[in-house]
Structure formats: C-alpha cells, structure tokens
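Engineer: The following block contains the structure, expressed as structure tokens.
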Amino acid sequence: IEAELTAGPLVGKRVLVTSGPTHEPIDPVRYIANRSSGAQGSALGQALVALGAEVVFVTGPADVPPPKGVQVVRVQTAREMQQAVQQALPVDAAVFAAAVADWRVATASDHKMKKTAGGLPVLELEENPDILAGVAQMGAGRPRLVIGFAAETENVTEYAAAKRRRKGCDWIVANDVSPETGIMGGSENAVVLVTEENAEPWPRMSKSEVGRRLAARIAETLGS
Ligand code: CTP
Ligand code: CA
C-alpha cells in the first residue's frame, strides 16, 4: 500500500529527476555507456518524496533501483530520455542527475557486427541533444528551478560555473569524479553547489545526505 504524503514542504509540488547512465546502441548486443550507478539520483528522488513532492523519475539503466513512491519512467538512450522529460513537463523543479551519453553511434547496425578479415569497424558518432539545456532555455513553461549536475575530473568549480552559465540553469551540483575520490560507484559524495551568487562547497557526506540537503534547498527555494 502506497500512501501519499499529506504533509511536508513539497506537498503539491511536482519535481522531475533524471538519473543513471544512458545506453547508446552500437548493434543489437553492444552499446556505449558510462560508470554512473544512479545512486545520487535515487537518493535525491527518495528525499524529495519524503518531503511530500510528486516525483517523476526518468532513469536510464542504473545499478541502483529507483526510490519507492516515485513515478518511474525507464529509458535506454539520451533521445528516449529527452522525450520522457518533455512528456513529464510542466514541473515546479527539474533536476538532471543523469549521466547522459554525449554521443551516440550515427547509424547503429541492425545486426550483430562481425569481425572481418582485413579491417576494423569505424564508429561514426553524433552528438546527443542536451536535455538540461533544452529545459533551462525554455521560454514559457520553464520550471521555476532547473538544476544540473557536473561530474568533472579537474577545475571542478570553474568548469561548473561556466557550465551553469552556458546551459542557462539555476544551480549546478558539481563533483570531482576522478577515480581516486571513489565517488563514482561509491556511497559518498563531495559536491560544490554552484549558483548565480556563489559556489558553496559541502563537506564529504553520504549520497543520501547530499540528497536530503539538496531536497531541503529545493523546498526552501520553491516555498519562497
Ligand atoms: N546533460 C543533459 N543532456 C546531455 C548532456 C548532459 O541533460 N546530452 C546534463 C546532465 O544530466 C548534467 C549536466 O547536463 O546535469 C551536465 O552534464 P555534463 O556531462 O557535465 O556536461 P556536458 O555539457 O555534457 O559537458 P562535458 O563535455 O563536460 O561532458
Ligand atoms: Ca557530458
């Protein structure tokens, strides 16, 4: 039995969360992907539900299951994710925690590619649509709060601030995903919340706690 929350600062608010990686097919049995586990997206979704939000959770093929109490939309590719996001609108806030593949194979093979004597296959790539930028730059119907994530391996705050301006979103939650941090695939995260005003480094904490703090900030902002 699922009971709708009737109390909490996000009751009556609809929030979109994208989460997990995307898979871009090469042929029927192979794909391009990345190491996103979906853990931070799921933690955030759970925290938003706990504050009473109606959550649409658009997820690629993640390792971590979607949280209880959200409306789950499962997708594989970036283009499917973009369609699902468009169908979820309008929302009060949209958080793009997914690690969307930047490129897809221009022409995926409809049969399993075979090794051939004398020659390697060449994969021609095409850029995927920027789902976050599309929503952040909407005119009418733009969510009040549009939040992106930025996984970087160097110059985290500078790159994230530039990304925020370029994409036109309100906040960027930036983190350092260099292998030595153990963040990608781990249970902890160390983020910097980049807004128009400043860059706020948060101490290293569990992904659940990052989710709760971020959900609380969203509630505070939508309530003001
Ligand atoms: N994003 C998106 N659609 C894409 C690529 C990224 O919605 N095609 C979103 C991600 O969900 C994230 C934010 O944009 O919230 C930043 O993603 P990131 O990969 O850091 O940015 P890119 O613009 O792809 O730049 P980079 O070259 O650093 O990968
Ligand atoms: Ca990218």
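Derivation of every value follows stated rules applied to the coordinates shown; laboratory data play no part. Everything numeric here is computed off the predicted structure, so don't read it as measured data. As a convention, Cβ positions derive from the backbone with ideal geometry for all residues, glycine included, and neighbour counts pool all protein chains shown.
Engineer: Are there trypsin sites (Lys or Arg not before Pro) in region 123-224 that DSSP marks as loop and that have at most 15 other Cβ atoms within 10 Å, and which are they?
Structural biologist: Arg144, Arg204
Engineer: OK, next. Using a 7 Å offset from the Cα along the Cα-to-Cβ direction at both Trp202 and Trp103, what is the distance between the two label points in nm, to one decimal?
Structural biologist: Computed distance between label sites Trp202 and Trp103 equals 3.3 nm.
Engineer: While we're here: Given region 1-90, what percent of its DSSP beta bridges are antiparallel, to the nearest 5?
Structural biologist: Around 25 percent antiparallel, to the nearest 5.
Engineer: Relative contact order of the chain, please, whole-number percent, based on alpha carbon pairs below 8 angstrom and at least 6 residues apart.
Structural biologist: This gives 21 percent for the chain.
Engineer: Using a simple charge model, +1 on the beta-carbon of Lys and Arg, -1 on the beta-carbon of Asp and Glu, nothing else, what dipole does region 57-105 show about its Cα centre, in debye to the nearest 20?
Structural biologist: Using only the charged Cβ atoms, the result is roughly 120 debye.
Engineer: Students often forget the sequence filter, so: which aspartates and glutamates lie under 16 Å Cα-Cα from Lys112 once same-chain residues fewer than 8 apart are removed?
Structural biologist: Straight-distance partners of Lys112: Glu24, Asp27.
Engineer: Sticking with this one: Take Glu180 and Ser224, extend 7 Å from each Cα along the Cα→Cβ direction, and tell me the distance between the two endpoints in nm.
Structural biologist: The modelled label-to-label distance comes out at 3.7 nm.
Engineer: Here's something else I'd like to know. Roughly how big is the chain's charge dipole about its Cα centre, with Cβ charges of +1 (Lys, Arg) and -1 (Asp, Glu), in debye to the nearest 20?
Structural biologist: 320 debye
Engineer: For Cα pairs less than 8 Å apart in space and 6+ apart in sequence, what is the mean separation divided by the residue count of region 127-177, i.e. the relative contact order in percent?
Structural biologist: Result for region 127-177 is 41 percent.
Engineer: Which whole-number percent is the relative contact order of region 103-207 (Cα, under 8 Å, 6+ apart)?
Structural biologist: 19 percent
Engineer: Between region 21-86 and region 101-177, how many Å separate their Cα centres?
Structural biologist: Region 21-86 and region 101-177 have Cα centres spaced 15 Å from each other.
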